[in-house]
Amino acid sequence: MLHASERWFEEWHVGDPSVVMKDGKFHMAYSATSKPFANVAGYPAAMVLCVMGAVSEDGIHWRRTDQPLLIRAEDSAAPKSAPDRIGDFHRPSLLWQDGKWRLWFDYWLPGKGLCLGYAENTGDFLRKGGFQIQHDLKRPLMENWPNPEVIRIGKTFHCFSDPGGYPVKPGESSWKSRQLREAVSPDGLSWEKLGFIPPDEDADACQIPHALVTTVDGREWLYLFYATQSGYKKHDGVYHYQYDRIRAMRRPVANSGQAGSPTARIR
């Protein structure tokens, strides 16, 4: 449905879609990148990362924005060294609420790594410059919060991520320290981090969260879909970061504001 284009800011990769239905149309925010380039100070991914947008009548055929929804103004296909650069807006989570678009994303902050950012758009989803970041990027909503997934349940916002910090044994891959974690907020701006969700017993790492609230047999559930990494293989002792399974866990919505493990995991 969508693929990389000839435009320099989405010439290499597109992915991480977040889709909202509004006024009979699908609205998508998604990640895009430039082609890789030689190592340049301030660009840890060795490419430019941004957030693009697209709109569709049927969810199949999409009209993209003419320019990224979010991109650092000074970025280009051949960037100059910028050691203190703040940028690489990526992995969006989109909501429509109270007459405005609300967009959470992760971004690179030197010395802090991947942090949670926030932007709003009170006008046309497709218009140039419509999304405006609502805080000082040097003061992120949360530090160490990649792959954000935001969902609102009642009056509470829930944001899932796969940050580092989960305890691992000495010498084990840092990939294992990145596990699913939840944060809650009354307004989507001030967040309280909850504990890590322990990984599956047969998986070294659970990551890339996606949330859904739905009704099953007359009861509302919060579902959390996620991917598991291949991890360590006995035959070679090497950690394999590739994802090999998609799974889900759930808990009743009535308990969704509480910390702790989900009530059931679905493999």
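Can you find, among 209, 96, 38, the residue farthest towards the positive end of the dipole of the chain? Put +1 on the C-beta of Lys and Arg, -1 on that of Asp and Glu.
209
Please list the three semi-axes, largest first and in whole Å, of the ellipsoid equivalent to the chain, using sqrt of 5 times the eigenvalues of its alpha carbon gyration tensor.
28, 25, 18
From largest accessible area down, sort 62, 8, 145; use a 1.4 Å probe on the protein chains.
From most exposed to least exposed: 8, 62, 145.
Can you send over the carbon and sulfur percentage of the accessible area for the range 1-120, probe radius 1.4 Å, protein chains only?
Answer for the range 1-120: carbon and sulfur cover 53 percent of the accessible area.
Using a probe of 1.4 angstrom, how much of the accessible area of the range 132-249 is carbon and sulfur, in percent?
Of all accessible area on the range 132-249, carbon and sulfur atoms account for 51 percent.
Let me know the charge dipole size of the range 91-234 about its Cα centre in debye, to the nearest 20, where only the beta-carbon of Lys, Arg (+1) and Asp, Glu (-1) is charged.
The calculated dipole for the range 91-234 is roughly 420 debye.
Heavy-atom accessible area of residue 206 with all protein chains present, probe 1.4 Å, nearest 10 Å²?
0
If 85, 219, 181 are ordered by their accessible area, calculated over protein heavy atoms with a 1.4 Å probe, which sequence runs from highest to lowest?
219, 181, 85
Specify the residue with the greatest mean-square fluctuation among 73, 54, 32, computed from a Gaussian network of the chain linking alpha-carbon atoms under 10 Å apart.
Result: 73 has the largest fluctuation of those listed.
With 5 Å bins from zero, work out the P(r) of the range 153-255 over every alpha carbon pair and list the percent per bin.
2, 12, 20, 22, 17, 12, 8, 5, 2, 1
Would you mind getting the accessible area per residue of the range 1-123, heavy atoms of the protein chains only, 1.4 Å probe, in Å²?
Each residue of the range 1-123 exposes 45 Å² on average to a 1.4 Å probe.
Which pairs in the list 80/233; 80/138; 112/169; 35/155; 35/234; 155/233 are over 32 Å apart, alpha-carbon to alpha-carbon?
Correct reply: 80/233; 35/155; 35/234; 155/233.
The values are calculated or read from the model by the stated rules, or taken from the named source; none is laboratory data. All of these numbers come straight from a predicted model, not from anything done at the bench. FYI the Cβ positions are ideal-geometry reconstructions off the backbone, even for glycines, and counts take in every protein chain you see. The protein model used for the area step is the full one, side chains on, heavy atoms only, and it has no ligands, DNA or RNA in it. Shrake-Rupley method; radii C 1.70, N 1.55, O 1.52, S 1.80 Å.
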